[in-house]
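The values are calculated or read from the model by the stated rules, or taken from the named source; none is laboratory data. From a predicted model like this one, the values you see are computed outputs, not experimental measurements. Neighbour counts are summed over all protein chains in view; Cβ atoms, including those assigned to glycine, are modelled from backbone coordinates with ideal geometry.
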Amino acid sequence: MVVHRRAYSAAQIYAHWAGAALVAALFATAWVREGVEDTALRRLLLDWHRLVGLVLMALSLVRLGLRLARPAPPPLPGMPVWQHRLAGLVHGGLYLLLFLQPASGWLLASARGRALDLFGWLPLPALMAKNAERAEWLGLAHASLSWALLALVALHAGAALAHAVVLKDGTLDRMRPPGRGFSRPSTVPES
Ligand code: HEM
Ligand code: HEM
């Protein structure tokens, strides 16, 4: 009997929700900053934005490692093939943007001549020399990628909620932290 896991591992689940919280914090810091006039607060929000973005990049690397070590669980029985394929494409797109978006931010900071570090003790190299022209189009790229990420997240979260509320299948349960008072079978026999 081959045993297939029906859910993601606890590490994958906690990393997923930590990543989602960091993405929310990134949009919050960027958008709140736009309405702030105080220079010191604007600088602080951008410092936090950069730090959170770099932490997200590191977390996404860990997630990718976890994902390569343990593939996604097989589709729920009865799920149409097109839905499973579309979900796979959206997940792939999300992973891609979870790297491209922070990478464009890092490039943008470098082109603006801003030295980066992690928590003040791990200096990060500049990815390019200071260059105002490049900084301008990298700013555009960073903003455009953020809209693409937002669109994919909306599609993804909307689909997850539709599965939970309309279809009432176990899709959302696959990403629920374990031990939350509902049954989440970890294995299913394959015929
Ligand atoms: C998933 C990760 C990230 C998301 C979702 C994100 C999102 C955003 C958004 C929505 C903006 C405002 C864009 C606009 O409309 O002009 C922005 C601006 C910016 N971000 Fe990010 N960002 C991320 C990661 C990073 C990282 C890692 C860095 C640098 C290390 C960074 C540096 C910047 C800078 C320098 C700006 C421009 C702020 C300004 O207007 O002066 N971002 N980001
Ligand atoms: C910034 C926000 C989010 C990002 C970047 C994100 C990203 C991802 C990625 C990359 C996967 C694939 C996991 C893998 O195969 O390793 C995934 C799975 C999943 N996500 Fe999200 N997610 C976000 C928010 C949400 C929200 C808000 C919900 C629920 C409303 C949600 C529900 C799920 C579910 C249920 C799965 C598992 C789908 C399956 O059974 O294969 N996600 N997410």
### Selection status of residue 87, away from ligand 2 (no atom under 11 Å from the Cβ), of a type in the set (Gly, Ala, Ser) and under 28 Å from residue 151 (Cα atoms)
no
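Looking only at the range 116-168, count every residue that is charged (D, E, K, R) and under 24 Å from residue 93 (Cα atoms) and tell me the total.
As a first pass, look at the range 116-168 and keep what is charged (D, E, K, R): 117, 130, 133-134, 136, 168.
Cutting the leftovers down to under 24 Å from residue 93 (Cα atoms) gives us none.
Residues that pass the stated criteria total 0.
Within the range 38-53, is even one residue over 18 Å from the mean Cα position of the chain (by Cα) and among the aromatic types (Phe, Trp, Tyr)? It would help to see each step written out before you state the result.
First, the residues of the range 38-53 that are over 18 Å from the mean Cα position of the chain (by Cα): 38-47.
Checking which are among the aromatic types (Phe, Trp, Tyr) leaves us with none.
For the range 38-53, residues over 18 Å from the mean Cα position of the chain (by Cα) and among the aromatic types (Phe, Trp, Tyr): absent.
Yes/no matrix, rows are residues, columns are (1) closer than 19 Å to residue 108 by Cβ; (2) without any contact (Cβ under 8 Å) to a residue 60 or more places away in the chain:
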residue	(1), (2)
24	no, yes
33	yes, yes
39	no, yes
45	yes, yes
50	yes, no
59	no, yes
65	no, yes
73	no, no
## Note on the structure
Every listed condition ((1) at negative phi; (2) in a loop (DSSP other than H, G, I, E, B)) holds for residue 120 save (1)
### Task
Answer yes or no: is there a residue in the range 93-112 that is surrounded by fewer than 13 Cβ atoms within 10 Å (Cβ to Cβ), free of Cβ contacts under 8 Å to residues at least 40 places away in the same chain and part of a helix (DSSP H, G or I).
no
### Query
In the range 90-110, how many are more than 11 Å from the chain's Cα centre (by Cα) and more than 9 Å from ligand 2 (Cβ to nearest atom)?
8
### Summary
Filtering the range 60-94 down to residues that are in contact with a helix residue (DSSP H, G or I) (Cβ under 6 Å, 6 or more places away or on another chain), farther than 18 Å from residue 173 by Cβ and not hydroxyl-bearing (Ser, Thr, Tyr) yields 63, 66, 90, 93, 94
## Note on the structure
Being more than 10 Å from ligand 1 (Cβ to nearest atom) and not hydrophobic (A, V, I, L, M, F, W, C) narrows 156, 142 down to just 156
### Summary
Residues in the range 155-179 that are more than 10 Å from ligand 2 (Cβ to nearest atom) and more than 17 Å from residue 76 (Cβ to Cβ) total 4
### Query
Within the range 21-39, can you find the residues that are exposed (fewer than 11 other Cβ atoms within 10 Å of the Cβ) and within 8 Å of ligand 1 (Cβ to nearest atom)?
34
#### Entry: One residue from 56, 86 being at pLDDT 95 or above and near ligand 1 (Cβ under 9 Å from one of its atoms)
56
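Here is a check on your reading of the model: is residue 17 within 10 Å of ligand 2 (Cβ to nearest atom) and either part of a helix (DSSP H, G or I) or of a type in the set (D, E, K, R) (or both)? Spell out how you get there, then give the answer.
Working: within 10 Å of ligand 2 (Cβ to nearest atom): yes; either part of a helix (DSSP H, G or I) or of a type in the set (D, E, K, R) (or both): yes.
So residue 17 passes the test.
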### Task
Tell me which residues, restricted to the range 54-81, are hydrophobic (A, V, I, L, M, F, W, C) and within 15 Å of the chain's Cα centre (by Cα).
54, 55, 56, 57, 58, 59, 61, 62, 64, 66
### Message
Condition (residue is of a type in the set (A, V, I, L, M, F, W, C), within 10 Å of ligand 1 (Cβ to nearest atom), under 18 Å from residue 29 (Cβ atoms) and modelled with pLDDT of 95 or more) applied to the range 115-138: is it met by at least one residue?
### Response
no
